[in-house]
Amino acid sequence: MRRTARRTDGRRVRVATEDIVAGVLRQWQQVHPGLDTGPMAVIGRLNRCAALLQQAADAPLRRAGLTRPEFDILGTLRRMDRELTPGRVARETFASGAAVTKRVRQLEERGLIARRPDERDRRVAHLSLTDEGRETIDRLLPEQLRYEAALLDGIGDARQEELSAALSELLVVLEGRLGSLME
């Protein structure tokens, strides 16, 4: 179902009145009346949003020839503003060590990251942005943020803050529970 709404800039847009998860929940209620589908309502919507955002939110990055994980590595090095080991980058980006190694090699080949061996332990590398890497992330970040803001344009600022706070609360709970389960 869809309805028409007017945006703040006056343009008319079609707005769904029911998301796909609502239909799935209704189907489950028909098959299993009384089943508590509350967790599915939250997790199903989060999964669907994550999948759609993954497709849409990386468009500026793709135009720049970067993947989201590569952008995350460049962003981590930029925001921490110091040399990091690949292990630290892996922890900061929630990626495996092998994935970071592969991506770092690609970024190094493109001249965006420099690798310096540790003076005491040659097995340890220290990663930093090159001048080109710093320029790339500094150019892309504002563009990416504008694009992400446009994706959230249908939700007002107050609702975005509420959503951010609720997701933060969920994240803290999940990190506490799942972190101990995964160790």
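Would you mind calculating the relative contact order of segment 53-146 from Cα pairs under 8 angstrom and at least 6 residues apart, reporting the percent as a whole number?
Computed value for segment 53-146: 30 percent relative contact order.
Whole-Hz ³J(HN,Hα) for each residue in segment 97-106, computed from phi via Karplus 6.51 cos²θ - 1.76 cosθ + 1.60 with θ = phi - 60°, x for glycine and proline: what do you get?
Working through the residues one at a time gives x, 5, 5, 5, 4, 4, 5, 5, 4, 5 Hz.
Could you point to the label whose value was computed as semi-axes √(5λ) of the Cα gyration tensor in Å for the structure here, given (i) 29, 18, 15; (ii) 27, 19, 15; (iii) 38, 23, 14?
Identified label for the calculated read-out: (iii).
For the chain, what does -39500 (n - 2.57) per DSSP helix run (n ≥ 4), summed and divided by total residues, give at 222 nm, in deg cm²/dmol to the nearest 500? Kindly include the intermediate steps, with their values, before the conclusion.
Details: 8 runs with 118 residues, N = 183.
Counting only the DSSP helices, I get -21000 deg cm²/dmol.
Which residue fluctuates the most in the chain, going by a Gaussian network model with Cα springs under 10 Å, if the choices are R120, R139, R88?
So, out of R120, R139, R88, the one fluctuating most is R120.
Please list, in chain and number order, the residues 5+ apart from I113 or on another chain whose amide H is under 5 Å from its amide H, with Hs placed from the backbone.
Distant-sequence amide H within range of I113: E108, T130.
Which whole-Hz couplings ³J(HN,Hα) result when phi for each residue of segment 126-132 is put into the Karplus expression 6.51 cos²θ - 1.76 cosθ + 1.60, θ = phi - 60°, listed in order with x for Gly and Pro?
My calculation for segment 126-132 gives 10, 9, 8, 7, 7, 4, 5 Hz in order.
Which of these, A165, A99, A59, has the largest mean-square fluctuation under a Gaussian network model of the chain (Cα springs below 10 Å)?
A165
Top to bottom by accessible area (1.4 Å), largest first, where do M40, M80 land? Present the calculation step by step, with values, prior to reporting the outcome.
Numbers: M40 75, M80 40 Å².
Largest accessible area first, the residues go M40, M80.
Can you give the accessible area per residue of segment 39-97, in Å², using a 1.4 Å probe? Walk me through the numbers before you get to the answer.
Working: 3350 Å² over 59 residues.
Here the per-residue accessible area is 57 Å².
Quick check: the distance between the Cα centres of segment 18-48 and segment 126-177, to the nearest angstrom?
With segment 18-48 and segment 126-177 each reduced to a Cα centre, they are spaced 28 Å.
Please build a GNM for the chain, connecting alpha carbons under 10 Å apart, and tell me which residue among V173, V100, V124 fluctuates the most.
V173
With a 1.4 Å probe and all protein chains in place, put T67, T130 in order of accessible area, largest first. List each step's numbers first, then the result.
Details: T67 65, T130 35 Å².
So the residues, ranked largest to smallest area, are T67, T130.
For the chain, give the percent of accessible area contributed by carbon and sulfur heavy atoms, probe 1.4 Å, rounded to a whole number. Don't jump to the answer; show the numbers that get you there.
Details: 7100 of 12990 Å².
Within the chain, the accessible surface is 55 percent carbon and sulfur.
The values are calculated or read from the model by the stated rules, or taken from the named source; none is laboratory data. Nothing here was measured: the structure is a model prediction, and the numbers come from that model. Side chains are part of the model used for accessible areas, which takes the heavy atoms of the whole protein and leaves out ligands, DNA and RNA. Shrake-Rupley method; radii C 1.70, N 1.55, O 1.52, S 1.80 Å.
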